[in-house]
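Quick notes on the structure that follows.
The values are calculated or read from the model by the stated rules, or taken from the named source; none is laboratory data. Small disclaimer: the values here were computed from a predicted structure and weren't measured. Cβ sites come from the backbone with ideal geometry, for glycine too, and all protein chains shown count toward neighbours. The area values use the complete protein model at the heavy-atom level, side chains included, leaving out ligands, DNA and RNA. Shrake-Rupley method; radii C 1.70, N 1.55, O 1.52, S 1.80 Å.
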Amino acid sequence: MPIDPTLPYDDSNIFAKILRGEIPANRVYEDEWAIAFHDINPQAEVHILVIPRGRYVSWDDFSANAPAEEIAGFVRAVGHVARAHGLVEPGYRLLANIGRHGGQEVPHLHVHLFGGQFLGPMIAR
Ligand code: AMP
């Protein structure tokens with residue numbers, strides 16, 4: 001079920017549990033601002049999720065409410081993960097689903113990082 005991105009942050013969401021170490025994740029990167037881990041149901045050869053440590057429901061919440069330092073830290077973390085996985089030269093794709101039309105399932109901001117193969121058309125038809 002897609003989530004409503006206008007609702008307040010819910011600390012019981014699955015990525016909050018991963019951040020608190022309550023459930024395992026296959027982490028590939030972490031710093032002061034963000035953590036990254038493999039998606040449990042990969043849609044491409046490389047499918048990594050990058051999430052801010054902060055409590056933000058969606059890109060909308062994050063872009064409107066996060067301090068500039070936190071936004072910079074998160075954006076840099078995404079770039080770092082892509083470089084660390086050798087994805088810059090072959091290319092890769094970033095995706096953030098927001099709300100119902102985006103099909104967002106987890107109410108903690110996450111960027112999907114896809115790579116390792118040609119990724120096809122931008123939007124499924
Ligand atoms: P979205 O539809 O953008 O909210 O995507 C949520 C993503 O989280 C999906 O690609 C799921 O496969 C992934 N996911 C859900 N639970 C976990 C988990 N415990 N560890 C890693 N990825 C997860």
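Simple rule: put +1 on each Lys or Arg Cβ and -1 on each Asp or Glu Cβ in the chain, find the dipole, and look at P52, M122, S12; the Cα lying farthest toward the positive end is M122. Average accessible surface for the chain: 60 Å² per residue, computed with a 1.4 Å probe over protein heavy atoms with every protein chain in place.
Compactness of segment 56-125, taken as the C-alpha radius of gyration over 2.2 N^0.38 Å, stands at 1.22. With all projection directions averaged, the alpha carbon convex hull of segment 1-58 covers 4.5 nm². Close amide H contacts of A34 (hydrogens built in the peptide plane, cut-off under 5 Å, sequence separation of 5 or more or a different chain): R53. The Rg/Rh ratio of the chain, with Rg taken over Cα atoms and Rh as the Kirkwood radius over Cα pairs, comes to 0.94.
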